[in-house]
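Remarks on the structure that follows.
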Amino acid sequence: MTAPSVKRVELDYTGSERLTMNMGPQHPSAHGVFRAVLTLEGETVVGVDSVIGYLHRCHEKLAETLTYAQYPSIASKTDYVAAMTSEFAYVRAAETIGKFEVPKRAQYLRVIVSELQRVASHLLWLGTWCMDMGGALGGGATIFLYCIRERELILDLFESLVGARLLYGFFQVGGVRYDVPDGWIASCRETVDLLDSRISEYEQMLEENPFFMARAQGVGVITRELAESVGISGPLLRGSGVNWDLRRSDPYSSYEDFDFKVPVETAGDCFARYRVRMVEFRESLKIVRQALDRLPEGPISSRPGLKSVGQTRVPKGETYVRVEGARGEVGCYLVADGSAKPYRMKWRGASFSNLAILPHIIPGHKVADIVAIMGSVDPVFGEVDR
Amino acid sequence: MTADQARALIAERFADAQVEGSAPIVATVPPDRWLAFAQFARQELGCGFFSFLTAVDWKDQGLEVVARVDNLDHNVSLFMKTRLGPGVSACASLTSVYSGANWMEREGFDMFGIRFEGHPDLRRILLSDDWEGYPLLKSYAVDTPHPPYR
């Protein structure tokens with residue numbers, strides 16, 4: 001008996017061979033279900049095809065079948081990491097067409113929860129992004145656990161306000177559903193002070209770590225022109241040198257009452273996006289403090305005591321409203337036909353447009369950099385796929 | 001550039017456009033001027049920011065394609081609209097003007113079946129490739145099942 005012959009394979013080490021690699025749909029760095037079909041030349045990515053839609057529920061068709069009173073709590077399932085701002089966009093659209101008034105106290109409460117939500121969302125981003133870059137940060141999970149610990153405090157606040165920790169149903173057309181319970185303002189102040197003191201700790205941990213800097217600086221550069229043409233928004237757009245924040249440029253819900261800075265970085269890389277978000281932490285906390293200080297007395301809704309879900313009717317008309325969510329411009333294009341349900345609703349998910357930047361910036365980078373770039377884009381797939 | 005200057009410029013260059021409002025400016029152009037209007041919006045009105053593109057199904061009156069762009073430096077917002085007409089599902093693609101139109105038009109194709117002419121890679125984006133029908137059309141029933149389930 002002869003030994004089986006071994007077939008020799010000649011390998012080409014010149015690097016000219018192209019390899020197609022599937023990243024996902026289940027990949028820890030995607031923070032959701034996302035498949036990237038990569039074309040590699042050695043370790044360098046030369047092409048990327050993004051496959052999305054795994055979480056598609058057709059929110060836009062769903063909205064046509066639900067009334068103005070029902071849909072806000074479903075809207076929170078688009079961007080489930082920042083559910084408050086998703087609800088905000090929808091109710092604002094209905095209020096704009098119907099010219100429903102929103103009492104000042106409700107406007108301030110909306111600002112408070114939106115800013116707390118932004119902090120909670122950014123905390124989750126920071127924790128998961130740093131965990132993605134794992135080993136370089138000395139264990140990796142440290143900062144993730146710190147961030148989750150802090151985020152819990154905000155979720156506790158939401159729980160005592162609404163009764164839910166992640167998906168709220170706090171907004172309703174004409175105002176908000178719940179007023180703050182006794183002692184909430186005091187515990188909110190405590191949390192805000194605590195968070196404020198922790199942020200410099202993270203900055204120190206990260207920015208004094210040469211591995212973190214090497215992985216973030218100069219990686220995934222987005223130029224201003226590309227940023228605008230693709231339509232990315234939020235911290236990504238501001239990281240590419242565009243001074244554009246809807247809270248400042250197109251104020252809504254009394255944002256003009258508050259004093260805050262809009263951070264802008266010009267480098268356009270992962271580090272710039274990180275810096276923008278780190279400043280936004282502090283600015284959001286600053287807004288929450290101001291809103292708590294000046295929280296007006298009065299009703300929390302101009303349309304209290306709704307008895308049936310079909311009672312909110314919006315006259316014929318159409319509008320597009322946008323709010324500055326944690327990930328950027330969350331927009332709702334609403335066409336109303338005078339009935340209790342919208343005729344057409346288009347959801348502009350910030351993550352959808354933000355994710356569309358990937359095929360433009362990934363080619364030319366190494367495979368390991370994809371993880372850093374994906375994390376810095378901070379997509380939430382509920383909002384990408386809707 | 002202010003919104004009023006932008007309106008005046010649109011009226012001067014696109015006599016067949018219907019223009020309303022100022023924040024945002026809503027301009028409706030004929031479908032054959034769609035691409036030219038987008039180029040004009042980007043180059044001359046400075047609307048470089050591509051917010052979104054979608055469509056509305058007006059049943060018997062056909063589909064309307066809607067896009068929103070902004071000039072971030074001067075805070076001018078422009079809504080571009082075009083009516084494709086009854087039974088028409090072809091429209092010029094804006095991908096040569098705005099990179100963001102790529103995914104948005106794929107979604108428009110996926111949900112409304114609009115064929116964006118000139119799109120480099122027009123295929124479904126959110127639904128699977130073997131999906132039948134276009135869910136956001138008003139003729140697509142929601143109360144009847146669409147087997148097989150997947």
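Taken together, the values in this text are just the output of simple stated rules run on the coordinates, not laboratory data. Bear in mind that the values here come from a model prediction, so they are computed numbers and not experimental data. Here Cβ is always computed from backbone atoms with ideal geometry, including for glycine, and neighbour counts include all displayed protein chains.
For this structure, a couple of remarks:
- Spin-label pair A:Thr65/A:Glu152, simplified geometry with 7 Å Cα→Cβ offset, distance in nm: 3.9
- Helix axis angle, B:3-13 relative to chain B longest principal axis, alpha carbon, degrees: 80
- Rounded if a/c under 1.5, otherwise prolate or oblate - the range A:142-251, Cα gyration tensor axes: oblate
- Of B:Leu127, B:Leu35, B:Leu45, the one that fluctuates the most in a GNM where chain B has Cα springs shorter than 10 Å: B:Leu127
- Cα gyration tensor, the range A:217-283 - rounded (a/c under 1.5), prolate or oblate: oblate
- Principal axis dimensions, largest first and in whole angstrom, of the range B:3-87 by Cα: 39, 25, 21
- Over the C-alpha trace of chain A, radius of gyration and Dmax come out as 22.7, 95 angstrom.
- In chain B, helical runs assigned H by DSSP with n ≥ 4 each contribute -39500 (n - 2.57); averaged across all residues and rounded to the nearest 500, the mean residue ellipticity at 222 nm is -6500 deg cm²/dmol.
- Helix axis angle, A:141-162 relative to chain A longest principal axis, alpha carbon, degrees: 20
- For the range B:1-72, GluC sites (Glu not before Pro) meeting the loop criterion (DSSP other than H, G, I, E, B) and having at most 14 other Cβ atoms within 10 Å: B:Glu44.
- Annotation for the range A:138-203 versus the range A:75-94: alpha-carbon center distance of 17 Å.
- Helix A:270-293 vs. chain A, principal-axis angle (Cα, 0 to 90°, nearest 10): 20
- Lysine pairs meeting the criterion (Cα under 24 Å, 8 or more apart or interchain), as found in chain A: 18
- Nearest-0.05 FRET efficiency for A:Ala164 and A:Thr142, computed from C-beta distance (R0 22 Å): 0.15
- Low-density loop positions, chymotrypsin sites (Phe, Trp or Tyr not before Pro), the range A:284-353 - DSSP coil, at most 10 other Cβ in 10 Å: none
- For the range A:288-379, applying the loop criterion from DSSP together with a ceiling of 13 other beta carbons within 10 Å to the GluC sites (Glu not before Pro) yields A:Glu297.
- Cross-link partners for B:Lys59 among the aspartates and glutamates, with Cα-Cα distance under 14 Å and sequence neighbours closer than 8 places in the same chain left out: A:Asp337.
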